[in-house]
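The values are calculated or read from the model by the stated rules, or taken from the named source; none is laboratory data. Note that the coordinates shown come from a computational prediction; the quantities given were computed from them, not determined experimentally. Using ideal geometry, Cβ is built from the backbone for each residue, glycine included, and neighbour counts are taken over all protein chains shown. Accessible surface is based on the protein model in full, side chains and every heavy atom, while ligands, DNA and RNA are left aside. Shrake-Rupley method; radii C 1.70, N 1.55, O 1.52, S 1.80 Å.
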Amino acid sequence: MRTIATIALLISMGLVGPAFAKKDRPGPDWIPADQVTQKLKDAGYSSITELEADDGHWEGEGVKNSVKMEFHVDPKTGAITKEKPDKD
């Protein structure tokens, strides 16, 4: 309980929020979104419908082999680290 109270206090003071927000922005050493899009197309994606920085990686949705997919991409190498069919 004490940890939760401490985190709540830090959030209310604005000390934790900015640290979390930085994870949702591309870092200075990340490859640009247009290069990520090209790497995804090279990997067989016919269209990219969503691409954003999230939790320290590129994340998005696209179509591969006529299947709507969700994916994660390494922000520094452009390698696809996770992909699965989109259930939505």
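Of note:
- Single residue of segment 56-88 satisfying the filter (modelled with pLDDT of 95 or more and of a type in the set (Asp, Glu)) that is most open to solvent (accessible area, probe 1.4 Å): GLU83
- Taking first residues from segment 57-70 that are closer than 15 Å to LYS41 by Cβ and partners that are open to solvent by less than 30 Å² (accessible area, probe 1.4 Å) and modelled with pLDDT under 95, the Cβ contacts under 7 Å between residues at least 6 apart in sequence or on separate chains come to GLU61/ASP86; MET69/ASP86.
- Restricted to segment 29-55, and to residues there that are at pLDDT 95 or above and assigned to a loop (DSSP other than H, G, I, E, B), the residue that is most open to solvent (accessible area, probe 1.4 Å) is ASP29.
- Among the residues of segment 62-88, the ones that are within 25 Å of GLY27 (Cβ to Cβ), among the aliphatic types (A, V, I, L, M) and out of contact with any Ser or Thr (no Cβ under 9 Å at 6 or more places or on another chain) come to 3 in all.
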